[in-house]
Amino acid sequence: MHNSIIINHICRVEGHGGITVNIKDGKVAEVNMDIFEGPRFFEPLVVGRAYDEVAPILMRICAICSAAHTAASLMAVENAFGITVSSQTRLLRELLVHGGNIESHALHLFCLVIPDFLDYPSAIALASDHPKEVKMGLELKKLGNTIQEAIGGRAIHSVNAVIGGFGKLPTKEQLLELKEQLKKGLKQSLVTVDLVSGLQVPDFCTSPNVYAALSSDGAGYSLFGDKIALSTGDTWDINMYKELCEEKVVAHSHAKHSRFNDKPFAVGALARIALNEEKLSWEAKKAKKRLGLSSHLDNMLYNNAAQAVELVYSIERSMEITDELLTAGIKQEKPMEVKTQAGTGTGAVEAPRGTLYHNYSFDEKGRLTEADVITPTAQNLANIEKDLRVSVENLIDQPKESLAPKLEMVVRAYDPCISCAVHLVEVNFE
Amino acid sequence: MSERPLPLKGGENKSHRNTVIAGVGNRLLGDEGVGLHVIDNLSQIPMPSNVDVVDCGCDLLSLISHLNKPQKIIVIDAVRAGGKPGEIYRLDYNELKTRGIEMQSSHQVRATDALGLLKQIYPVLADCEIIIIGIEPKAIELSPELSKEITESITDAVRLILEEIS
């Protein structure tokens, strides 16, 4: 019988990260997931800065989620100053965020998940046997980068998206070129769904989940929304996000843990589909049915399949937006004027890994006085611990050598911003 | 951000080889972002038309958008190799592989895996020379600033890179 399982990752951020499971008398006594992330880390970077310096700094929290951080940050500033952006800006911002979603989901599925499920040690090993498939995955990631480059001006860390609008707008030619690439991408995303449908998904971490995601007033599935919906039926305005997250400092983690009514909850692709599945676009809805997602909402390992569905959705929605922009014609509008005032604003976006909140307070001169950034990974931590506990309980008779990779598989299914770190595990059994 | 003036001027790419210079790192993690600070400096220097200078953030796989038949890729990153802070290393990709040296990453796919994957998938990279210019970090912690020693090493790193393309 194991007494303890410690999975330490080697990360460049010293002293952070890892999974520890303690077992007493044949039962799981404690499960700790420790990561680097959390609001107290980001605030010192921006307090005292001018309002227009905040987004260019905080978008760099993550290269993969850069578009979502940019959008959430800009919306928080705009909400604090009472700025309403144009419908064209909203569409362009949405397109930018879909670029990030496509890039992130393709990268996660082809470089981390599929190698895991097919028992390859890495994407390189997978590529030696299946080069066409891995190349297709990288082309989908490139499509996400291309969208961000066309709209944001750069493949990562947008320079065009600014407070109140866009400093530089895409040309008709760029949108037409994008449309052609999206058509090809849609076919590739459907092949991805075929590939993911062939993966055997184990059920060792199955347990009931409470899900949370943004809910839009519109008819369509969306990565934006003014309301937060929960699978319990509760709904909040995004300005009330702290009530949902109820962040608690826990001794073993550098991040705060989010709990709702003292229970963990999950955010991400599976949460979004669980809450908004009826609003999915046509091909995405067919993909969801093909992958049998509705029957597996209690198994977070299906989050990977949910990402494949969203890959299809984000491409379909990007095509819709591109068509809408081409039909209306790009209006050469300037960003809305900024008049600073003392105030507080929240911006929320569905990032690839789940709901992302930025909340800022400014003084009357537009200097930032307080900042709160709650990442999806931080919200998922308590739920990851819950799933790790269930997994260990179900697999406790397995040898440690086979148990540790399964625990890593659970963590990776959440696609946490430490997925690299979890891929870099050194396993030390005590 | 390095404020040091750069006495260097960009030279011609005498070898006429298509070259991509890629910085990788996270600017919010102190010295972890040194590769991007080097890219900032290189971006201010006129480069030959066959040289691309790319800020990859912490995602080296974003190089796929810049693979126009490159014959040489130069990756600039923080590399812990036990030297003094600011010490600069020139490493050949093949040497990394044979010696089993890993370039750990603070995000997603680590740099060595990204390079290996790109080399395997894209035949255009089969004969491409890949060089890593590594800079020994002092502090990798949440900060937008570089350590003093690392800031001082940027000019030498830039000089070394300009020699690589001339």
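The values are calculated or read from the model by the stated rules, or taken from the named source; none is laboratory data. This one's a predicted model, so the numbers in the text were calculated from it and none came from an experiment. Virtual Cβ from ideal backbone geometry, glycine too; neighbours counted across all protein chains shown.
Beta carbons closer than 7 Å, at least 6 apart along the sequence or on distinct chains, pair a first residue in region A:323-341 that is closer than 30 Å to A:R367 by Cβ with a second that is exposed (fewer than 10 other Cβ atoms within 10 Å of the Cβ) for A:T340/A:E364; A:Q341/A:E364. If you go through region A:74-122 and keep only what is part of a helix (DSSP H, G or I) and in contact with a Gly (Cβ under 6 Å, 6 or more places away or on another chain), you end up with A:M75, A:A76, A:N79, A:A80, A:T89, A:L96, A:G99, A:I102, A:E103, A:A106, A:F110.
Among the residues of region A:106-116, the ones that are among the small types (G, A, S) and surrounded by fewer than 23 Cβ atoms within 10 Å (Cβ to Cβ) come to 0 in all. Identify the single condition in (1) within 16 Å of B:R159 (Cβ to Cβ); (2) at pLDDT 90 or above that B:N13 does not satisfy, given that it satisfies every other one. Going through (1) within 16 Å of B:R159 (Cβ to Cβ); (2) at pLDDT 90 or above one by one, B:N13 breaks only (2). Looking only at residues of region A:46-66 that are more than 12 Å from every other protein chain (Cβ to nearest Cβ) and either modelled with pLDDT under 90 or touching a helix residue (DSSP H, G or I) at 6+ places or on another chain (Cβ under 7 Å) (or both), we find that the one that is surrounded by the fewest Cβ atoms within 10 Å (Cβ to Cβ) is A:Y51. Of all the numbered requirements in (1) modelled with pLDDT of 75 or more; (2) within 13 Å of chain B (Cβ to nearest Cβ); (3) more than 23 Å from the chain's Cα centre (by Cα), A:G15 misses one, and that requirement is (1).
Looking only at residues in region A:117-149 that are more than 20 Å from B:H66 (Cα to Cα) and surrounded by 23 or more Cβ atoms within 10 Å (Cβ to Cβ), the one that is farthest from the other protein chains (Cβ to nearest Cβ) is A:L126.
Taken over region A:150-167, the criterion of being surrounded by 20 or more Cβ atoms within 10 Å (Cβ to Cβ) and within 14 Å of another protein chain (Cβ to nearest Cβ) is satisfied by A:A150, A:G152, A:A155, A:I156, A:H157, A:S158.
Residues of region B:120-144 that are in a loop (DSSP other than H, G, I, E, B), within 12 Å of chain A (Cβ to nearest Cβ) and under 30 Å from A:H130 (Cα atoms): B:Y122 alone. Only strands (runs of 3 or more DSSP E) whose full extent lies in region B:19-90 are considered here, and the ones with at least 3 residues that are within 13 Å of chain A (Cβ to nearest Cβ) and either more than 16 Å from B:C128 (Cβ to Cβ) or touching a strand residue (DSSP E or B) at 6+ places or on another chain (Cβ under 6 Å) (or both) are B:51-55. Scanning region A:296-327 for residues that are over 24 Å from A:V390 (Cβ atoms) and among the aromatic types (F, W, Y) yields one hit, A:Y313. Does region A:96-103 contain any residue that is under 20 Å from A:L270 (Cβ atoms) and at the interface with chain B (Cβ under 10 Å from one of its Cβ atoms)? Yes.
With the structure loaded, tell me whether A:E43 is in a helix (DSSP H, G or I) and surrounded by fewer than 23 Cβ atoms within 10 Å (Cβ to Cβ) or whether it fails that test.
On the way: in a helix (DSSP H, G or I): yes; surrounded by fewer than 23 Cβ atoms within 10 Å (Cβ to Cβ): yes.
Judged against the criteria, A:E43 is a match.
Of note, A:K339 does not satisfy the criterion of being touching a helix residue (DSSP H, G or I) at 6+ places or on another chain (Cβ under 9 Å), within 29 Å of A:K184 (Cβ to Cβ) and surrounded by fewer than 16 Cβ atoms within 10 Å (Cβ to Cβ). Of all residues in region A:43-57, those satisfying the criterion of being touching a Ser or Thr at 6+ places or on another chain (Cβ under 8 Å) and closer than 10 Å to A:L74 by Cα are A:Y51, A:V54, A:A55. A:P170 meets all of the listed conditions (1) within 14 Å of another protein chain (Cβ to nearest Cβ); (2) crowded, with 22+ Cβ neighbours inside 10 Å; (3) outside any helix (DSSP H, G or I) but one, namely (1). Applying the criterion of at least 2 residues that are under 19 Å from A:E94 (Cβ atoms) and of a type in the set (D, E) to the helices (runs of 4 or more DSSP H) found wholly in region A:266-348 leaves A:303-328.
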